[in-house]
Amino acid sequence: MMITSRNNKPVIIAGAGPVGLCLSLALARRGVRVVIVERLVDLLDQVRRAGTIHPPTLEMLDELGLYAKLEGRGLKAPLMHYWNGADSEPIAVFDHAVLKDDVRFPFALQCDRLKVVEEASKVVATLDLIDLRTATEMIDFRQDADSVTVTVKSQDGATEEITGCYLVSCEGAHSFARKACDIEFEGFAFPDRTMTLSVDFDFNVQRDYSYRNYILDPVQWANLFKWTDVWRLVLPAHPDEDPDKLLDDKVIAEQLQRFHPTGQPYNVVSKSLYTVHQRVAKAFRAGRVLLAGDAAHVNSPIGAMGMNSGIHDAVNLGDKLARVLNGEAGDDLLDLYVRQRRHAAIVHIQAMTIRNKRLMAEGEPGARKERHDELRRSADDPGKAREFMLRASLIQSVRDAAAVQ
Ligand SMILES: Cc1cc2nc3c(=O)[nH]c(=O)nc-3n(C[C@H](O)[C@H](O)[C@H](O)COP(=O)(O)OP(=O)(O)OC[C@H]3O[C@@H](n4cnc5c(N)ncnc54)[C@H](O)[C@@H]3O)c2cc1C
């Protein structure tokens, strides 16, 4: 029998991305009532972005009833390759099998963010405890000692107030709540831009790629990932070049031929150019307002850590918020969420994604050789390979965060 939380005001979640939806499921399974407001009319009407789900996230999604729905919609990716430029042999190959005693799912699942959103929203629709309101944007809020009142605007311009016990901003990187609470988004932006392309072409024809490949090169580094229907490429883009020129079809075609010459035109399904920020909010909490996911921290896509660490926030916060609302713990338990997840964001996610970005493009020959040797040493020694994969798959970040008091 579902026991409903003693607190009769709902938790209000702003944003129905993967983090907001997972948080709503984590709360509802403990009997907490939730209202989610999402400004999009159609949740699937957006770019796919994230495409790799790491093993600890798969376990969390399983707990939320989502893994079984996603497994068949993705590709199991046990291997991860590091390549040096156009060399025919990889520098190093890592296999998630070294994690078989650490995790129930010793592989990453190549499964894009929209499938997570789609499956999560289908489950949400079956639950009476969750009221998901699309085409509804949070435009303001105020809080007092007992509650938080959110002003929302619907598509026709009508406004309404919703009162809840807590507000969680899962609004993504441009979080209105974070800005309204005057919380600094500490960090920096890389000067060069990053280009992502989805390409309908089988890159396996010339090299024995796995589903996840990091190609190290000072000029033409690349991440090459197989999604179910297309290959996803992340490439560098010069900071001084005109963005329109960089996204010109002819320029992209030339860049792809340099990367992987075929002499035949590539079918580029989607393209985007963006500036990568490495930032963590100075606080994840201001009274009854909490931040999770990209609203709290953003990072380079190299290493596939943004959506994953956001879902880890959602599960951590869902557990603590439910305990507070069910009268099992005091409100200060929410400060533990902040300490644990800021620790994971700063010590693990930021550090690893900054290192990954530098590794891709290292140009100094001595440092480059040293990094390649280090990768080889890690891959060749089973103990070191496990340590490497514990970090790369975010298991270590979840364990270390749980140990923070
Ligand atoms: C190119 C690229 C590749 C990436 N690849 C990966 C990867 O492989 N693996 C990985 O883990 N991560 C990856 N990421 C990062 C990942 O996409 C994000 O970390 C993840 O989507 C964050 O989820 P979220 O729910 O916090 O925010 P979002 O997904 O941004 O969702 C926020 C939601 O809030 C809504 N919203 C915003 N403001 C309001 C408001 N005021 N009122 C109501 N609704 C609002 C938005 O419409 C949106 O639906 C990638 C990112 C990029 C850019």
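The values are calculated or read from the model by the stated rules, or taken from the named source; none is laboratory data. None of these values were measured; they are calculated from a predicted model. Cβ placement follows ideal geometry from the backbone for every residue including glycine, while neighbour counts extend to all protein chains displayed.
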- Failed criterion for residue 404 (all others in (1) surrounded by 15 or more Cβ atoms within 10 Å (Cβ to Cβ); (2) touching a His at 6+ places or on another chain (Cβ under 9 Å) hold): (1)
- Task: Show the residue pairs that are 6+ apart or on different chains and have beta-carbon atoms under 6 Å apart, the first residue being within region 213-227 and more than 13 Å from the ligand (Cβ to nearest atom), the second being polar (S, T, N, Q) and not in a loop (DSSP other than H, G, I, E, B).
- Result: 216/84
- Item | Residue, surrounded by the most Cβ atoms within 10 Å (Cβ to Cβ), within region 315-331, restricted to residues that are more than 15 Å from residue 402 (Cβ to Cβ) and either of a type in the set (A, V, I, L, M, F, W, C) or touching an Asp or Glu at 6+ places or on another chain (Cβ under 8 Å) (or both) | 321
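Yes/no per residue for (1) within 11 Å of the ligand (Cβ to nearest atom); (2) out of contact with any helix residue (DSSP H, G or I) (no Cβ under 9 Å at 6 or more places or on another chain); (3) not in a helix (DSSP H, G or I):
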| residue | (1), (2), (3) |
| --- | --- |
| 59 | no, no, no |
| 87 | no, yes, yes |
| 93 | no, no, yes |
| 120 | yes, no, no |
- Out of region 372-395, which residues are closer than 27 Å to residue 57 by Cβ, assigned to a helix (DSSP H, G or I) and in contact (Cβ under 8 Å) with a residue 24 or more places away in the chain? 375, 378, 379, 382, 385, 386, 388, 389, 390, 391, 392, 395
- When you go through 55, 10 one by one, which is the residue that is over 30 Å from residue 165 (Cβ atoms) and within 16 Å of the ligand (Cβ to nearest atom)? 55
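Run down 20, 15, 74, 65 and say which single residue is among the small types (Gly, Ala, Ser), more than 11 Å from the ligand (Cβ to nearest atom) and closer than 30 Å to residue 167 by Cβ. Break it down into steps so the answer makes sense when it comes.
Numbers: 20 fails: more than 11 Å from the ligand (Cβ to nearest atom); 15 fails: more than 11 Å from the ligand (Cβ to nearest atom); 74 fails: closer than 30 Å to residue 167 by Cβ.
After ruling out the rest, the residue left standing is 65.
Restricting attention to region 15-35, does a residue exist that is of a type in the set (Lys, Arg), in a loop (DSSP other than H, G, I, E, B), closer than 28 Å to residue 135 by Cα and modelled with pLDDT under 95?
So the first thing to find is which residues in region 15-35 are of a type in the set (Lys, Arg), and the list is 29-30, 33.
Next, only the ones that are in a loop (DSSP other than H, G, I, E, B) stay: 29-30, 33.
From the residues that got through so far, the ones that are closer than 28 Å to residue 135 by Cα too are 29-30, 33.
Narrowing the set further to residues that are modelled with pLDDT under 95 leaves none.
Among the residues of region 15-35, not one is of a type in the set (Lys, Arg), in a loop (DSSP other than H, G, I, E, B), closer than 28 Å to residue 135 by Cα and modelled with pLDDT under 95, which makes the answer no.
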- State which residue is modelled with the lowest pLDDT when the search covers only region 36-50 and only residues that are in a loop (DSSP other than H, G, I, E, B) and more than 8 Å from the ligand (Cβ to nearest atom). 48
- Message: Based on this model, can you work out whether residue 329 counts as without any contact (Cβ under 8 Å) to a residue 12 or more places away in the chain, within 20 Å of residue 399 (Cβ to Cβ) and away from the ligand (no atom under 13 Å from the Cβ)?
- Response: no
- Query: surrounded by fewer than 16 Cβ atoms within 10 Å (Cβ to Cβ) and either assigned to a strand (DSSP E or B) or touching a residue at least 40 places away in the same chain (Cβ under 8 Å) (or both): does that describe residue 179?
  - Reply: no
- Query: Any idea which residue in region 259-273 is surrounded by the most Cβ atoms within 10 Å (Cβ to Cβ), counting only those that are within 16 Å of the ligand (Cβ to nearest atom) and β-branched (Val, Ile, Thr)?
  - Reply: 268
- Query: residue 307 fails exactly one of the following numbered conditions: (1) more than 11 Å from the chain's Cα centre (by Cα); (2) part of a helix (DSSP H, G or I). What is the number of that condition?
  - Reply: (1)
